[in-house]
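Trainee: First, the structure itself, so that you have it in front of you.
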Amino acid sequence: MLRENQRRFKFDWLIIIIFLLLVGFGYLNILSASHEGEITSYFNMSTLYGKQSVFISLSLVLIVLILSLEAKFYERFASIIYLVALLSLIGLFIFGKDVNGARSWYGIGSMTIQPSEFAKFATSLAVAKYISDLQTNMKTLKDQIRVAAIIFIPALLILLQNDAGSTIVYASFFFVFYREGLQQIYLIVALSVIVLAVLALKFGIVISGVICLIILGIRYFFRKRRRGSLLQYIAVFLLAIGFSYGVKLFYQHGLKPHQQNRISIFLRLEKDPVKLEQMRKREAYNLIQSEEAIGSGGLSGKGFLQGTRTTGKFVPEQETDYIFSTVGEEWGFLGSSFVVILFVLLIVRILYLAEAQKSQFSRVYGYGVASILFIHFTINIGMVMGLIPTVGIPLPFFSYGGSGLWGFTILLFIFVKLDSNKINEW
């Protein structure tokens with residue numbers, strides 16, 4: 001076997017080029033959304049675009065460091081990296097800084113660091129490490145519970161810090177489990193739970209129960225082979241009713257008013273159209289402004305630095321969660337399509353390379369990277385366009401912020417390093 005300094009590495013330049021395009025195009029939109037008057041210096045630390053220039057420069061340093069380490073380092077120290085990430089999340093409860101109602105940041109001078117952004121790649125490494133262990137069998141309940149616990153612990157810590165958006169991302173690992181042999185029944189149950197929750201909120205417990213009863217009845221009477229006992233169907237029905245009641249209870253008493261309003265607007269739970277429109281104007285101001293900014297861009301957009309809603313600061317959080325609205329206004333449908341195509345190409349390329357890995361650790365990690373990017377990309381753009389409820393979640397490589405950019409850079413380039421080493425694997 002070749003020694004480390006004799007090994008050959010073949011980096012996937014398509015991923016690297018897409019990364020540079022996303023970061024570069026994202027910077028242009030951050031510049032447009034945050035500049036005020038004449039731009040005197042691109043590294044002016046008193047401006048958001050100046051800070052982002054520094055963040056991008058440091059991310060390039062991170063890339064060099066990540067690619068210079070031995071590929072086996074990430075597998076060998078995956079558990080330690082994961083534990084460090086958990087400790088950083090726990091430390092927020094003592095030393096954390098509140099920003100917008102969430103205790104998710106460490107304050108370092110005038111800057112902040114968000115550990116949850118780094119916990120994503122740490123959890124991906126831990127999941128890949130556990131699943132790739134020779135003793136692990138994803139078809140057994142014991143291993144399913146253990147790997148679920150690896151994901152649940154950081155997700156719970158982040159949720160307790162009032163950062164629901166980052167918590168949702170951890171659901172992306174379901175795709176990883178499914179690829180590695182998780183039974184199809186889990187996928188059916190997950191989809192059923194989502195549909196049942198929507199039915200319970202939209203139509204109430206009685207109607208959702210009737211729909212569930214009809215579906216179970218059809219399944220029982222028309223599936224003669226292996227249809228199970230009648231008691232099993234009754235138990236499933238009672239569980240569905242109990243779950244529906246729990247969803248309603250959680251919605252009414254477990255969610256905060258602004259969270260209730262976002263769901264109410266999305267599902268149109270308010271029957272009075274006048275009240276619904278009033279609620280939408282009051283609670284969905286960001287979304288309304290975002291939709292108007294995107295719609296005003298037309299086919300080719302208004303041009304760089306020419307977006308009236310962008311330069312006028314009409315859209316709140318336009319440099320971070322709503323950065324895609326700047327793309328829509330200034331670059332139009334063509335620019336928006338370009339961004340979507342880049343993300344799709346990146347995710348598909350990662351999945352393609354993940355399947356080509358000789359190491360199960362690298363394959364699982366690759367699927368973790370693709371799943372996290374897919375969830376972020378889908379939720380963020382869907383949120384900005386009003387297709388899903390508003391959730392505070394950034395667009396990878398695009399949104400303003402050092403923690404987010406560095407976290408996604410580390411996440412992606414660890415996989416680039418692992419993939420480059422597959423020519424040395426036996």
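Trainee: Working with all protein chains in place, sort Ser79, Ser325 by solvent-accessible area computed with a 1.4 Å probe, largest first.
Mentor: Listed by decreasing accessible area, they come as Ser79, Ser325.
Trainee: Which entries in the list Lys97/Lys120; Lys72/Lys129; Lys120/Lys248; Lys10/Lys72; Lys97/Lys129 go over 22 Å, if you measure between the two C-alpha atoms of each?
Mentor: From the list (Lys97/Lys120; Lys72/Lys129; Lys120/Lys248; Lys10/Lys72; Lys97/Lys129), the Cα-Cα distance tops 22 Å for Lys120/Lys248; Lys97/Lys129.
Trainee: Another question about this same structure. Please calculate how many Å² of accessible area the chain carries per residue, with a 1.4 Å probe and no DNA, RNA or ligand atoms counted.
Mentor: Spelled out: the 1.4 Å probe surface of the chain, per residue, equals 51 Å².
Trainee: Still on this structure, I have one more. Could you report the accessible area of His253 in Å², rounded to 10, computed with a 1.4 Å probe on the protein chains as they sit in the structure?
Mentor: 140 Å²
Trainee: Per the Debye formula with a single identical scatterer at each Cα and no solvent contribution, what log10 I(q)/I(0) holds for the chain at q = 0.09, 0.11 Å⁻¹?
Mentor: Ignoring solvent entirely, the Cα scatterers give -0.65, -0.96.
Trainee: For Ser68, Ser53, give the ranking by accessible area with the largest first, probe 1.4 Å.
Mentor: Greatest to least solvent exposure: Ser68, Ser53.
Trainee: Given +1 on the Cβ of Lys and Arg, -1 on the Cβ of Asp and Glu, and no further charges, what dipole in debye does the range 285-426 carry about its Cα centre, rounded to the nearest 20?
Mentor: About 380 debye.
Trainee: Report, in debye and to the nearest 20, how large the dipole of the range 190-258 comes out about its Cα centre when Lys and Arg carry +1 and Asp and Glu carry -1 on their Cβ.
Mentor: 360 debye
Trainee: For the range 76-161, max minus min Cα coordinate along each principal axis, in Å, sorted largest first?
Mentor: 47, 25, 16
Trainee: Using a 1.4 angstrom probe on heavy atoms only, work out the carbon and sulfur share of the accessible area of the chain in %.
Mentor: Carbon and sulfur together cover 67 percent of it.
Trainee: Here's a follow-up. Between Ile215, Leu238, Asn162, whose Cα lies farthest towards the positive end of the dipole of the range 109-252 when Lys and Arg beta carbons carry +1 and Asp and Glu beta carbons carry -1, centred on the Cα centre?
Mentor: About the Cα centre, the residue reaching furthest to the positive side is Ile215.
Trainee: Kindly provide the helix-only [θ] at 222 nm of the chain, computed as the sum of -39,500 (n - 2.57) over DSSP H runs of four or more divided by all residues, to the nearest 500 deg cm²/dmol?
Mentor: Roughly -23000 deg cm²/dmol at 222 nm, from the helical runs in the chain.
Trainee: Also: Can you give me the relative contact order of the chain as a percent, contacts being Cα pairs under 8 Å and 6 or more apart?
Mentor: In percent, rounded to a whole number, it is 26.
Trainee: Of Ser325, His253, Leu373, whose Cα points farthest to the positive end of the dipole of the chain (charges on the beta-carbon: +1 Lys, Arg; -1 Asp, Glu; origin at the Cα centre)?
Mentor: His253
Trainee: In the chain, if the dipole is taken from +1 on Lys/Arg beta carbons and -1 on Asp/Glu beta carbons about the Cα centre, which of Gly109, Leu191, Leu28 is farthest to the positive end?
Mentor: Farthest along the dipole direction, towards plus: Leu191.
The values are calculated or read from the model by the stated rules, or taken from the named source; none is laboratory data. Since the model is a prediction, treat every value here as computed from it, not as a measurement. With ideal geometry, Cβ positions are generated from the backbone for all residues, glycine too; neighbour counts draw on all protein chains shown. What goes into the accessible areas is simple: the full protein's heavy atoms, side chains included, and nothing from ligands, DNA or RNA. Shrake-Rupley method; radii C 1.70, N 1.55, O 1.52, S 1.80 Å.
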